[in-house]
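The values are calculated or read from the model by the stated rules, or taken from the named source; none is laboratory data. As the structure is a computational prediction, the values presented were derived from the model and not from experiment. Cβ atoms come from the backbone with ideal geometry, glycine included; neighbour counts cover every protein chain shown.
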Amino acid sequence: MSDRKIVCLDPGHGPDTVNGSPDGSYKEREFTWDLYLRLRVLLEEQGIAVVGTRGEDEKPGLTDRAEVSNKAGADLFVSLHTNAAGNDGWYDPKGLMIYTSSGPITAPRNQAALDILAQARAAGIEIWGSGLAYEGYTVLTKTAAPAVLIEFGFHTNREEAELLKSEAYRDRLALAVAKGVCDFLGVTWQDTEEREDTPAPWAAEAWEKAVRAGVLDGTRPWAPLTRQELAVVLDRLGLLS
Ligand SMILES: [Zn+2]
């Protein structure tokens with residue numbers, strides 16, 4: 001059995017959601033999908049298996065989203081959103097905050113939230129208030145795994161809406177959350193350049209066997225496999241006639 005960690009990512013909302021900035025230049029559903037893709041790549045690079053609650057053009061119900069996490073046996077559930085203040089127009093509140101279902105602070109869900117908040121602060125990301133609040137949202141209460149809902153910022157704040165639209169800020173948000181998730185799961189963060197020659201712990205045994213069997217040449221454990229390389233691997237396994 002692999003001890004590979006599983007994270008369920010929930011890109012909030014979906015195709016019909018109207019939530020966005022008052023000037024219409026920012027859409028929450030577009031942000032949550034984009035951040036999901038960025039986060040997914042970063043977590044997978046760290047050897048974490050990622051399960052998504054929806055496809056790009058889907059808007060499943062909240063219970064269904066929790067169900068995806070439960071079926072996958074996720075170690076952590078992370079719902080992705082941005083926040084709104086007031087009823088219409090621009091408002092002052094800004095900053096990232098995280099919801100969990102309830103206390104105590106020692107509960108795994110709150111420890112996960114604190115780990116993510118610590119990495120966000122270290123990355124210079126503005127935090128709203130203490131950064132942590134409790135709310136009985138369905139995706140937080142129906143998930144078996146520790147669950148957090150991240151509001152990455154207020155799209156009703158003029159400056160923050162601009163930030164949330166920027167690629168560079170999205171990368172910063174995704175990197176901070178990925179590192180916080182790894183801290184919570186006990187996965188040691190590896191910078192992609194430094195890990196060149198060493199496979200991830202969950203893959204180490206299979207990697208060694210594949211090299212010993214002459215199926216792979218033992219170099220570049222993190223490199224993607226091309227179609228021609230796959231053909232050679234299948235041939236070496238004797239699966240092609
Ligand atoms: Zn939302």
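Could you check, for the range 199-210, whether at least one of its residues is touching an Asp or Glu at 6+ places or on another chain (Cβ under 8 Å), loosely packed, with under 14 Cβ neighbours inside 10 Å, of a type outside the set (G, A, S) and modelled with pLDDT under 95? Yes, because at least one residue in the range 199-210 is touching an Asp or Glu at 6+ places or on another chain (Cβ under 8 Å), loosely packed, with under 14 Cβ neighbours inside 10 Å, of a type outside the set (G, A, S) and modelled with pLDDT under 95. For the range 22-38, the tally of residues that are touching a strand residue (DSSP E or B) at 6+ places or on another chain (Cβ under 6 Å), within 14 Å of D57 (Cα to Cα) and either basic (K, R) or not in a helix (DSSP H, G or I) (or both) stands at 0. Could you count how many residues in the range 106-136 are part of a strand (DSSP E or B), at negative phi and out of contact with any Leu (no Cβ under 8 Å at 6 or more places or on another chain)? Qualifying residue count for the region: 3.
Within the option set D183, D217, being on the phi < 0 side of the Ramachandran plot, of a type in the set (D, E) and surrounded by fewer than 17 Cβ atoms within 10 Å (Cβ to Cβ) holds for one residue only, D217. Using beta carbons and a limit of 6 Å, which pairs, at least six apart or on different chains, have the first residue in the range 103-121 and surrounded by 14 or more Cβ atoms within 10 Å (Cβ to Cβ) and the second one of a type in the set (K, R)? Close Cβ pairs (under 6 Å, with a partner that is of a type in the set (K, R)) amount to Q119/K179. Pairs linking a residue in the range 202-214 that is part of a helix (DSSP H, G or I) to a residue that is at pLDDT 90 or above, with Cβ atoms under 6 Å and 6 or more positions apart or on different chains, are W202/R4; W202/G47.
Specify the residue that is nearest to the chain's Cα centre (by Cα); the eligible residues are those in the range 79-103 that are hydroxyl-bearing (S, T, Y) and within 13 Å of the ligand (Cβ to nearest atom). In this case the residue turns out to be S79. Taken over the range 127-156, the residue count meeting the criterion of being farther than 30 Å from G73 by Cβ and within 15 Å of the ligand (Cβ to nearest atom) is 5. Pairs linking a residue in the range 11-39 that is of a type in the set (S, T, Y) to a residue that is in a strand (DSSP E or B) and away from the ligand (no atom under 12 Å from the Cβ), with Cβ atoms under 7 Å and 6 or more positions apart or on different chains, are Y36/L9; Y36/G52.
Which one is surrounded by the most Cβ atoms within 10 Å (Cβ to Cβ) among residues in the range 1-33 that are within 14 Å of the ligand (Cβ to nearest atom) and of a type in the set (D, E)? That would be D10.
Inclusion of V181 among residues that are assigned to a helix (DSSP H, G or I) and within 30 Å of I116 (Cα to Cα) is warranted.
Residues considered: T63, T82. Of these, the only one that is in contact (Cβ under 8 Å) with a residue 40 or more places away in the chain, assigned to a strand (DSSP E or B) and more than 30 Å from W202 (Cβ to Cβ) is T82.
For the range 177-201, taking the residues that are among the acidic types (D, E) and without any contact (Cβ under 8 Å) to a residue 40 or more places away in the chain, the one that is nearest to L37 (Cα to Cα) is identified as D191. Evaluating F77 against the criteria (1) among the aromatic types (F, W, Y); (2) in contact (Cβ under 8 Å) with a residue 40 or more places away in the chain; (3) more than 14 Å from A144 (Cα to Cα) leaves one unmet condition, (3). With respect to T192, is the statement that it is surrounded by fewer than 12 Cβ atoms within 10 Å (Cβ to Cβ) and within 30 Å of Q111 (Cβ to Cβ) true? Taking the combined requirement at face value, the residue satisfies it. Screening the candidates G14, G55, G103 for the property of being farther than 30 Å from G186 by Cα, among the small types (G, A, S) and in a loop (DSSP other than H, G, I, E, B) yields one hit, G14.
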